[in-house]
Each structure stands twice: as C-alpha cells, then as structure tokens.
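The values are calculated or read from the model by the stated rules, or taken from the named source; none is laboratory data. All values derive from a computational prediction rather than experimental measurement. Here the Cβ positions follow ideal geometry from the backbone for every residue, glycine too, while neighbour counts run over all protein chains shown.
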4 protein chains.
Amino acid sequence: MEQQFNEKTDSNATTTQAKQTADGKYAKILQSAIAVISEKGLDKTSISDIVKKAGVAQGTFYLYFESKTALIPAIANNLLTITLGAIKEKVQHESDVWRKLEVFVDETFHITEAYRDVIVLCYSGLAIDNSLEKWEAIYQPYYDWFEHILIKGIESKQLYAHMHVEWTSRMVINLVENAAERFYIGKEQQNTIEVYKSEVIAFLQRSLEAR
Amino acid sequence: MEQQFNEKTDSNATTTQAKQTADGKYAKILQSAIAVISEKGLDKTSISDIVKKAGVAQGTFYLYFESKTALIPAIANNLLTITLGAIKEKVQHESDVWRKLEVFVDETFHITEAYRDVIVLCYSGLAIDNSLEKWEAIYQPYYDWFEHILIKGIESKQLYAHMHVEWTSRMVINLVENAAERFYIGKEQQNTIEVYKSEVIAFLQRSLEAR
Amino acid sequence: MEQQFNEKTDSNATTTQAKQTADGKYAKILQSAIAVISEKGLDKTSISDIVKKAGVAQGTFYLYFESKTALIPAIANNLLTITLGAIKEKVQHESDVWRKLEVFVDETFHITEAYRDVIVLCYSGLAIDNSLEKWEAIYQPYYDWFEHILIKGIESKQLYAHMHVEWTSRMVINLVENAAERFYIGKEQQNTIEVYKSEVIAFLQRSLEAR
Amino acid sequence: MEQQFNEKTDSNATTTQAKQTADGKYAKILQSAIAVISEKGLDKTSISDIVKKAGVAQGTFYLYFESKTALIPAIANNLLTITLGAIKEKVQHESDVWRKLEVFVDETFHITEAYRDVIVLCYSGLAIDNSLEKWEAIYQPYYDWFEHILIKGIESKQLYAHMHVEWTSRMVINLVENAAERFYIGKEQQNTIEVYKSEVIAFLQRSLEAR
DNA sequence: GATGAATGAGTATTCATTCAT
DNA sequence: AATGAATGAATACTCATTCAT
C-alpha cells in the first residue's frame, strides 16, 4: 500500500537530492536555518545568523535559496517528509485499522512535541506569505496516504462506508495535529496526556466506525 | 445561558472601552490596521500606513498601542468578538442542539469567508510572536460558550454523555474552523459547499450523538 | 532685462526655500553631498558619508531626498543657480554686447575651474540616470537669459540678424563651457589661458557679428 | 591624408587585435557589454548579464578585461573607431571643404542617432571614473583627422587662415556633436532636422570662412 | 584558456519608536 | 492628548572578483 506513495515521497526526495551539491551546502543551510529560526523566530533571524551557523558565505545562501521567504516551503517540506516518514514507519507494522489510528495519534503527538517550534514557524511563515495553499500542496502526500488507510478500513468493513474519504482524511489529520499542538502549546500537564489522547481517539472512533 | 459569559465578554469590552477616547481614535486606528494589514500583510504594513489611513499622527499610534506587535492580540480579540457575537446571535434562535450545530457550522463558514484575511493575519501574527497561548486565551469565551451547548445537549440526552466537554469543545470548534478555512483557502468550487458542510456535520454528529 | 528672469530664478530659489526647514537641514545635506561626492565620486559616496558630514541622522536624509539618485538634479540645479547668478552679476555691468561676451567667457572659465568636480558629477550623474533631459530643463533659464543677450545685440545691429537665437544660444553656451572644461580637465598650461580664451571669443565673434 | 593616421588607428586596432582570440570571445564580450549596458545602464548591468549574453563563463570576462571599469574605455574606443571610420568613409568622397563640412555634420547627426545610448554611457562611464582625460586621448585621432581637413581648407584659401587649428578642430567637433546630441536627446521634431543642421553649418561657416 | 561555484565586503533604504512642542 | 520631525539601528541582497579544477 505504501509502495505507491513511495513514488511521491521519492519525488520529494528527488527534489531534495537535486539540491544536494558537492559538500551538501543546501542541506547544511537548510538545517542551520531550521535550527536558528526555531530558536529565534523567523523575523529575528537574519541570513547572517543562518550562514554563520552553516559555515558558508553570505552569498552562498542565495545560490541555494532565492530569498529568505523561500526557506519556509523548504522547511515545511522537510518537516512533512520527516513526519510522514516516521508515521508510515510506525503504522506499517500494524494491520488492524484501529491500531493504526492509535499509533497514528501516538506518533503525531510525539512528533508534535519534538518539532513544536518548526511546526509553528511553518504556520506563521506560510501565513505571512499568504501562501497557505503551498501548505496544502506539501501535505498532499500525507492526505493521500491517510486516505488509503481509510479505504482499507472501509473495505474491511471496520470503517463507516459512506464517509467522503478525501475530506475525512483532511479532517482527521487536522483534528489530531491540532489536538497535539494545543496540548503542547498550552503546556498542559504531562500526566493527562494518555487520557487526552484516548479522548481524541474515542472522538474519532465514534465518527469513523462502521455502523 | 449567555448571561454568565457576559462577564468575560464585558471584561473584553472593558478593555476596549478603556481605550475609547473622545474621537474614537483607538477604534479608528484598530480598524485601519485591520484593513491595511489584511491587504498588505503584517510585515509589509508600516505604522505609517496605518496612521495615514486612520488620519492621525504617527505618535498617536503609541498612545493607544504599546507597539506594532500589540496590534495582533487586539485584532484577534476584535475578530473573536465579532465571530462569537455573530454566531451566538444566530444560534440562540435555535432550540434543538442539532440545529444549533448546523447553524454553528453555517455561520463559521460564512464568517471564515468574510474574514479570511484577518484570520490568516491572526495566525501568522500570533505565531510569529510565539504567543499562540494568547490565541487560546482569546478563544476562551468561545470555548466556554460551546461547552455549554454541549452540556445542554448532554442534559437533553441528545449528545453522548461521556465526552470530555472541554476538550470536545475545542476539537469541534477547531474541526469546523479548519474545514472552513481549507474550503476557502483552497478555493474549492462553491457548488460543493453544501455537500462539504453536510459531510462536516455528519462527521461531528457521529461523534457527538448519544448512543 | 534680467528683471524678467529674476522670476524664474526666484522660482528656483523658491523651490529651494521651500525645502529650507527650521535648521536648514536640506541645505546642510545638499552642501555635504556636493562636498563629499565631488571628492569621492558618486559611486563611492555612501549616504552614510553624507549624513555624517551633515551632522544628521541616516533617516533624516530621506526626509529631504527621495533617494541617492535624487541628489543629482538638486546638485545640478544648485550649480546652475550659482553659475547663472555669478555670470549675470558680472555681465550686467557691461553694456556693449562684445564686452558681455568677453565677460561671459571669462566668468565661465572662472566658474568651470572652481566647480570642476561638481560639473563632472552632474554630467555623469545625469547620464547614469538617462535623465539628460533634466539637464536641459535645468539649463533653460540660462539659455533664456543668453537669448536675450543675443536679441539685444541683434537689435543694436551688432550681431548677425539672421541667426536662430534659441539654437545659437545653446550652441554658444555649450561651446564656451566645453572649451573651458577641456582646458581645465586637460590640465593645459595656465599661461595659455588668455590666448585660448581669445581664440574662443574670436571664433564666436566671426560667427555672431553682423555682416 | 588618412595615411598617417593609420598608424594611430592601427595602434588602436593592434590593441584590439591583441585581444582577438580563437573564438573571438573578446569581441563577443565587448559587443554584449555594449548591448546590455546601452539598454540597462552601466550601474544596473552586472558582469553576469554580460557573460550570459556573450555565452561565456563568469570568469572568462576577467581573461579579457581587468575589471568592469575597464569596459568603458574599450567601449569608447570602439565607438570612436566606428564613428571615425564612418565619417572618413563619407567625407573622403568630397573634395570641396564646405562639402566635407556638410557631410561631416550629416554623418555626425546620423551616428549620434544610431549610437545615442552608447554615447551616453561613454560620457557617464568616463565621468564616473574621473577619467575624462581618457576620452580626450581616445578622441585624439579624430581631432587630428579634422585638423587636417582644416589645414587643407586653409591651404586652399577657403578657410580663415589665422585660426588655431588644433583648438578649432576640437571646438567644431564638440559643437557639432553636442548639437546632434541635444537634437536627439531633446527629441525635437524630425521635420526640423534639416533646418537645424543648416543653422549649425551656417554658424560654423561664418566662423571658418576666409575673409 | 575556460569554467562557474564560492566568496564576503558593501549599502541604500525602511520604519518602529521617541520626544520636544 | 496630539503631533510629526527626527532618529539610528538593523538587514536582505547584490555582484565584482577569485581560484581550484
């Protein structure tokens, strides 16, 4: 199942690889940018900060990125690649759709915690630019992958047959991500996390289960 | 029901009123800011743009706002006030909880369309500042209000009794707002809107209904 | 005769005066700009150099000039005002047209020597900008003034009656200025200057005299 | 007559030839530079623009030109070569000095129109550098050639015998070029051109004719 | 000779903020 | 309260030039 998505993932990877020059300056700059911007915020990060950390010259930045703004989609793409990679990895070991959903929620919370700052910068960065559509484009492979989970679940009669899989895919992913973000951004107590996740799963289950 | 929230709403209003001077300069500046920033984006909008549109002097801005950054929570607050006001207004005419939900979805889509730009600027503005918690604080009255809808629905045995109302309130509001945003940001065809909304409502209904 | 040109001169002066604020910051910046650019050349002069010399803040420059480029027409205008002022002053004491011509040549050489650098920067500055027409516009009062000299000379039967005064005015002014520039730019020996000027005057006289 | 100038011309040519490599890269770069700079102006033209148009690598530029600045004298030299070549070509068919003068004026106007942009860039370029003397040096063969025209005219008793030929040569060339430039830069109506040229010729004739 | 990736110095311009009036 | 002239810090981006291949 995931097989056919590897292609898309690969196409992303290819894009990335296309940028992989000799000494991997593209990657070095991108990683430095993520690190610095995550810490200081997009506005307060100067190109100078980034190149200093990356150990390249000021002008080199512009050999790989058209502008400061062009960093954001690259970062977002990077984040999605990591996210989707990690989630696929975990989920593929499960065969039951409900277990998949649980693992998906688990992993989303986990990644959200780890990449909290990057997630925030992607939101703000893409919003600034009025390029929220780019976000949707970047998320496309994620949506696609989850749609297939849903379809399989429907085929196995475990999921509600009449749902609109495309829309539902987006609603579920958003619901879970947002719940996770609210959990970590709001800095709620860690001890409630399992209860919180259960509630999210229960909410989804009631919506998704076959009836 | 709304009664007890008037307090909080008032506290917001009070904040606003405190700033209401003679010629309503606070409001004039705020409205100008919303208009200009919605159009040009936060970054490309200068205080100069705002005061020019408001017809006041440069320095006057700082009599009402501590800094440019301080505009965002004010704008967000203004948006929430409008949103919550409009939704309450519409919803209060309904007695059935499912009708309330429908009207709530309708109105959210409506407002999202109308205030699309402002919503985007609030996201990016608050994210920039790493002050996403402020957003939650501002949304508090909205969450509270919806919780009461849920509670009433539970009491009337129409809604699922074991839900965690606080969390569910947030999940539902987020789900609907996000669906609406995706609809208008993605610029999907208008003719699918009713189907789309129905799907959202159906999704929620399956989760929320008593069983 | 000069009376009627005072108007135009005044209009220039007025323009200048309009810019004369409280502490004469406009003039201070303009004079500093002339000084620094004359010395270092336009390209190698930074706004920082100018404001430092003028004793104002960086941003203050932009209160009085739209851009670095906008300096050049201002400088050119300033130069013309000085030039025309000085020449008029000297020439008005002469009644004979040939004496006027002599004094005009004398004074042109004199001013060219004194303002050599400024003249060069005006040439290059206006050429850079492809705004050579501006130069013509700025020179207009000069051309006008000289036309009247020619007309008076024609009326007194001393100058060739069938010349085209407007074109001749431009040709003569250019001829003399260019001769002077070539003299000082080429750094010819000072001892030849009187002979050189005589040759220029003789050349002109043969062209202009009534016959 | 031109014979003796061939040397100088050759010296120029030699300079050029010295740079003529295998695939004529020098010429390719020079022509590209003229084209691009004429269009965009010196300041806004980057070496990158030039090499891109020339179809050579960035570094190749520096094999043929020491720096960006070094382009200007090369362009000016190129312009003079073209100008002098064209004018000589036309004038040599005339035997009468007055006809030569007419043809000289005609051709100067013609070339000024055709190379307007290049002329402007030479002015500004050389002025920027404070290297106006270079311009004189480049023009030397032109002055020399015209001096000989004058000498021949004097010998044939058609021209005024007591003129200073060297200075007069420069004055005349400048007068005509400047008149032409003013004509095309000022964008005067084309229908006046013949009248305009006649006036220039008449002005010169009165100065130059034997008396 | 040719290349073109890498460099890093250099700067015009913007704009949030202040404060004397 | 209101003004708006003045400030000066801050920075994205350019591009001439170099040099290892």
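The single condition from (1) over 21 Å from B:L159 (Cβ atoms); (2) of a type in the set (A, V, I, L, M); (3) buried (at least 17 other Cβ atoms within 10 Å of the Cβ) that A:I151 fails is (3).
Checking the structure you have, find out if any residue of the range C:104-125 is small (G, A, S), in the same structural domain as C:Y184 (by TED's automatic domain parsing) and crowded, with 16+ Cβ neighbours inside 10 Å. Looking for residues that are small (G, A, S), in the same structural domain as C:Y184 (by TED's automatic domain parsing) and crowded, with 16+ Cβ neighbours inside 10 Å, one finds at least one in the range C:104-125, hence yes.
Among all residues of the range A:132-148, there is at least one that is of a type in the set (A, V, I, L, M, F, W, C), under 19 Å from A:E209 (Cβ atoms) and buried (at least 21 other Cβ atoms within 10 Å of the Cβ).
Would you mind stating whether C:K40 is closer than 27 Å to D:T69 by Cβ, among the basic types (K, R) and at pLDDT below 95? Yes.
A:V200 falls short on exactly one of the conditions (1) surrounded by 17 or more Cβ atoms within 10 Å (Cβ to Cβ); (2) of a type in the set (A, V, I, L, M); (3) free of Cβ contacts under 8 Å to residues at least 40 places away in the same chain; (4) closer than 23 Å to B:A137 by Cα, and that condition is (3).
C:E147 meets each of the listed conditions (1) more than 10 Å from every other protein chain (Cβ to nearest Cβ); (2) closer than 30 Å to D:L42 by Cα; (3) not aliphatic (A, V, I, L, M) apart from (2).
Criterion first (among the acidic types (D, E) and away from chain C (no Cβ under 11 Å)) does D:E89 satisfy it? Yes: the conditions hold for D:E89.
Going by what's in this entry, would D:K88 be described as assigned to a helix (DSSP H, G or I), surrounded by 19 or more Cβ atoms within 10 Å (Cβ to Cβ) and basic (K, R)?
On the way: assigned to a helix (DSSP H, G or I): yes; surrounded by 19 or more Cβ atoms within 10 Å (Cβ to Cβ): no; basic (K, R): yes.
Against the criterion (assigned to a helix (DSSP H, G or I), surrounded by 19 or more Cβ atoms within 10 Å (Cβ to Cβ) and basic (K, R)), D:K88 does not qualify.
For the range C:51-61, residues that are loosely packed, with under 13 Cβ neighbours inside 10 Å and assigned to a helix (DSSP H, G or I) total 2. If only residues of the range C:69-82 that are surrounded by fewer than 18 Cβ atoms within 10 Å (Cβ to Cβ) and of a type outside the set (S, T, Y) are counted, the one that is farthest from DNA strand E (Cβ to nearest atom) is C:I82. Checked against (1) buried (at least 21 other Cβ atoms within 10 Å of the Cβ); (2) more than 30 Å from A:K40 (Cβ to Cβ), A:S156 meets all criteria but (1). Collect the residues in the range C:141-182 that are acidic (D, E) and closer than 15 Å to C:K100 by Cβ, keeping them in residue-number order. C:E147, C:E155, listed by residue number. Being at the interface with another protein chain (Cβ under 10 Å from one of its Cβ atoms) and surrounded by 19 or more Cβ atoms within 10 Å (Cβ to Cβ) is a property that holds for B:E181. Taken as a whole, the condition of being of a type in the set (A, V, I, L, M, F, W, C), outside the structural domain of D:V118 (by TED's automatic domain parsing) and within 11 Å of DNA strand F (Cβ to nearest atom) does not apply to D:A27.
So which residues in the range C:35-71 are away from chain D (no Cβ under 14 Å) and away from DNA strand F (no atom under 15 Å from the Cβ)? Within the range C:35-71, C:A35, C:V36, C:A70, C:L71 qualify. Of the residues in the range D:75-95, at least one is within 16 Å of DNA strand F (Cβ to nearest atom) and of a type in the set (A, V, I, L, M).
Restricting A:D144, A:D129, A:D117, A:D106 to residues that are in contact (Cβ under 8 Å) with a residue 40 or more places away in the chain and over 30 Å from A:I193 (Cα atoms) narrows the list to A:D129. Screening A:S198 on (1) closer than 30 Å to B:D117 by Cβ; (2) more than 8 Å from chain B (Cβ to nearest Cβ); (3) not acidic (D, E) shows it passes everything except condition (1). Give the number of residues within the range B:181-209 that are modelled with pLDDT under 95, out of contact with any strand residue (DSSP E or B) (no Cβ under 6 Å at 6 or more places or on another chain) and hydrophobic (A, V, I, L, M, F, W, C). Qualifying residue count for the region: 4. C:V120 passes every criterion in (1) more than 14 Å from every other protein chain (Cβ to nearest Cβ); (2) under 15 Å from C:L79 (Cα atoms) apart from (1).
Condition check ((1) within 14 Å of chain B (Cβ to nearest Cβ); (2) under 15 Å from the mean Cα position of the chain (by Cα); (3) closer than 16 Å to A:S32 by Cα) across all residues:
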residue	(1), (2), (3)
A:A76	yes, yes, yes
A:L84	no, yes, no
A:E94	no, no, no
A:L101	yes, no, no
A:F104	no, yes, no
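Among the residues of the range C:37-50, the ones that are under 19 Å from the mean Cα position of the chain (by Cα), among the hydrophobic types (A, V, I, L, M, F, W, C) and part of a helix (DSSP H, G or I) come to 1 in all.
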